[in-house]
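> Quick one: the structure is below, questions incoming.
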Amino acid sequence: MILSDQQILAEIERGTIVIEPYERNCLGTNSYDVHLGRYLATYRDAVLDARKHNEIDVFEIPTDGFVLEPGILYLGVTEEYTETHAHVPFLEGKSSVGRLGIDIHATAGKGDIGFCNTWTLEISVSMPVRIYYGMPVGQLIYFTVEGEVENLYNHKPNAKYNERTVKPVESMMWKNAF
């Protein structure tokens, strides 16, 4: 079941959902709009290796915007820091963003219960498009969960994305044993 606007508000009041900054006008019928943060990043190497730490270059989006180019994976970040203590959050792109040819995530749209951080976006575009810091970029949808949760994300010793940040975070696949 997806939480409605009234249910999202009730969970915010309970403290099981945290959104900072929170603006009431960003609350939709059954979602909350999130915005593009100040920073983008690109990988340094043209060929990425899943077994090694692929380093990124982080840069600030200029006031007059930044043109994203096809064929480049950009890591972005939400302006909003979120915590979800009792629901499964899903991040989806806004239709207006999709209609500009912008995808905000390749595979990582689902968060875990206990995720407490900004959201790193895996941005790709189908044609050049200028983007801006603070533009609406996605929407968080919250699902209820049946049963008790044994391992909250923020308590897992092997969780790779727990360190609070306002910048995009590169893949930590290299920390997995394979």
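> Let me have the 222 nm mean residue ellipticity of the chain computed from DSSP H runs of 4+ only, each contributing -39500 (n - 2.57), with the sum over all residues rounded to the nearest 500.
-2000 deg cm²/dmol
> Additional query: Please report the net charge: other residues with Cβ closer than 10 Å to the Cβ of Glu80, K and R +1, D and E -1.
After counting each charged neighbour, the total is -4.
> Using the Karplus curve 6.51 cos²θ - 1.76 cosθ + 1.60 with θ = phi - 60°, what ³J(HN,Hα) values do you get for each residue of the range 164-170, in whole Hz, with x for Gly and Pro?
So the Karplus estimates, Gly and Pro as x, are 4, 8, 10, 10, x, 10, 5 Hz.
> A follow-up question, please. Quote the Stokes-Einstein diffusion coefficient, in whole µm² s⁻¹, for the chain, based on the Kirkwood radius over alpha carbon pairs, a temperature of 25 °C and a viscosity of 0.890 mPa s.
Estimated diffusion coefficient is 144 µm²/s.
> Which lysines have a Cα less than 24 Å from the Cα of Lys52, not counting those fewer than 8 places away in the same chain?
Lys156, Lys160, Lys167, Lys175
> Among Val58, Phe178, Leu3, which residue has its Cα positioned farthest towards the positive end of the charge dipole of the chain, with +1 placed on the Cβ of Lys and Arg, -1 on the Cβ of Asp and Glu, and the dipole taken about the Cα centre?
Farthest towards the positive end: Phe178.
> For Leu121, list long-range residues whose amide hydrogen, built 1.01 Å from N in the peptide plane, is under 5 Å from its own amide hydrogen.
For Leu121, the qualifying residues are Gly76, Val77, Thr78.
> At a Förster radius of 30 Å, what calculated FRET efficiency corresponds to the Cβ-Cβ distance of Asp45 and Asp112, to the nearest 0.05?
0.55
> Using a simple spin-label model with points 7 Å from Cα along the Cα→Cβ vector, what separation in nm is obtained for Lys52 and Glu13?
Inter-label distance under the simple model: 5.4 nm.
> Could you tell me the center-to-center distance, by alpha carbons, between the range 1-80 and the range 120-178 in angstrom?
8
Readers should treat all values here as calculations from the given coordinates under stated rules, not as data from a laboratory. In this text the structure is predicted, and so the values were computed from the model without any measurement. Note: ideal-geometry Cβ built from the backbone for every residue, glycine included; neighbour counts use all protein chains shown.
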